[in-house]
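The values are calculated or read from the model by the stated rules, or taken from the named source; none is laboratory data. Computed from a predicted model, the values in this text were never measured in an experiment. Heads up, the Cβs are rebuilt from the backbone with ideal geometry, glycines too, and the neighbour counts pull from every protein chain shown.
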Amino acid sequence: MFIDRGKKLALWRDREKFEDIHPMFATASIMNPRRETPPLKHLASKKQNFKREPIFQAILEGFVDGVIVLNHRGEFLHANHKACALCEQLPNRSSLPHNVPEDIWRVCEALLDSRDCFPRQRFAIESEVSTIHETSLRLRGRWFQLVESDPPYLLIVLEDRQQSIQQQAIADKEKYGLTRREAEVWALRRAHHSYKAIAAKLYISENTVKKHMKNINAKRQAVMWAEEDRN
């Protein structure tokens with residue numbers, strides 16, 4: 001099922017796909033109270049019972065990804081430093097907590113609407129948006145609950161795709177024994193750059209890119225075969 005609000009928002013009914021993002025939320029339950037008032041784009045900071053969870057807020061600050069928490073009415077509660085920094089990179093940037101950026105608010109609004117339309121279903125929503133630096137952010141949203149007696153919260157995770165790709169490339173360099181240049185080529189290839197674009201970025205020929213990719217694929221295949229033999 002899909003919700004179209006100017007950008008493509010993908011919904012999953014199996015919560016496991018989203019729980020893999022941050023395992024700490026795997027046991028969070030999803031509640032479905034009716035929304036009494038329509039959400040506002042400009043949101044006031046109302047901490048409410050969220051203030052009782054300083055340890056939880058400290059955990060959020062330790063995340064590599066940006067994290068924004070809103071209450072069940074769509075009112076801003078908390079954002080870690082990473083989220084604030086990433087919001088400044090959005091084209092319609094605004095300073096938290098006074099305003100939630102429009103791209104992020106679309107995800108929040110879709111979650112609020114999906115709860116009203118399908119109160120018994122469990123949804124996670126994902127969207128990908130561009131920044132002013134021509135990089136991309138992956139936005140993931142879901143409902144979660146800290147205390148059973150409290151209303152649920154909206155959790156929005158902001159993933160810097162470029163940073164994630166670079167981190168994965170570093171891990172792949174060690175795993176597959178890639179050279180520095182092969183790691184650079186592989187990072188760009190993982191970011192869906194064409195051979196021509198990779199060649200232009202690294203100031204090498206397309207044939208050199210193809211040669212590096214051939215070596216990379218051979219090394220990856222060798223590691224996969226070795227893993228299969230061990231299993």
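Identify, by number, the condition in (1) outside any helix (DSSP H, G or I); (2) under 29 Å from R138 (Cα atoms); (3) modelled with pLDDT of 95 or more that A200 doesn't meet.
(1)
Which of (1) in contact (Cβ under 8 Å) with a residue 12 or more places away in the chain; (2) within 22 Å of Q167 (Cα to Cα) does A218 not meet, given it meets every other one?
(1)
Name the pairs whose Cβ atoms lie under 8 Å apart, with the first residue in segment 186-199 and exposed (fewer than 15 other Cβ atoms within 10 Å of the Cβ), the second among the charged types (D, E, K, R) and modelled with pLDDT of 95 or more, and 6 or more positions between them or separate chains?
Pairs that qualify, where the first residue is exposed (fewer than 15 other Cβ atoms within 10 Å of the Cβ) and the partner is among the charged types (D, E, K, R) and modelled with pLDDT of 95 or more, are K196/E206.
Determine whether segment 103-115 contains at least one residue that is modelled with pLDDT under 85 and touching an Asp or Glu at 6+ places or on another chain (Cβ under 9 Å).
Looking for residues that are modelled with pLDDT under 85 and touching an Asp or Glu at 6+ places or on another chain (Cβ under 9 Å), one finds none in segment 103-115, hence no.
Could you tell me whether segment 72-87 includes any residue that is among the aliphatic types (A, V, I, L, M), at pLDDT 85 or above and surrounded by fewer than 20 Cβ atoms within 10 Å (Cβ to Cβ)?
yes
Out of R106, R138, R142, R73, report the one residue that is more than 22 Å from D160 (Cβ to Cβ) and not hydrophobic (A, V, I, L, M, F, W, C). Let's see the steps before the verdict.
Numbers: R106 fails: more than 22 Å from D160 (Cβ to Cβ); R138 fails: more than 22 Å from D160 (Cβ to Cβ); R142 fails: more than 22 Å from D160 (Cβ to Cβ).
Of the residues listed, the single one that is more than 22 Å from D160 (Cβ to Cβ) and not hydrophobic (A, V, I, L, M, F, W, C) is R73.
Given the structure, is D172 buried (at least 19 other Cβ atoms within 10 Å of the Cβ), of a type in the set (D, E) and not in a strand (DSSP E or B)? Don't jump to the end; show me each part of the working.
Values: buried (at least 19 other Cβ atoms within 10 Å of the Cβ): yes; of a type in the set (D, E): yes; not in a strand (DSSP E or B): yes.
Criteria met by D172.
Looking at R138, R142 in this structure, which one is touching a residue at least 60 places away in the same chain (Cβ under 8 Å), crowded, with 16+ Cβ neighbours inside 10 Å and either among the polar types (S, T, N, Q) or in a strand (DSSP E or B) (or both)? It would help to see each step written out before you state the result.
Values: R138 fails: touching a residue at least 60 places away in the same chain (Cβ under 8 Å).
Only one candidate qualifies: R142.
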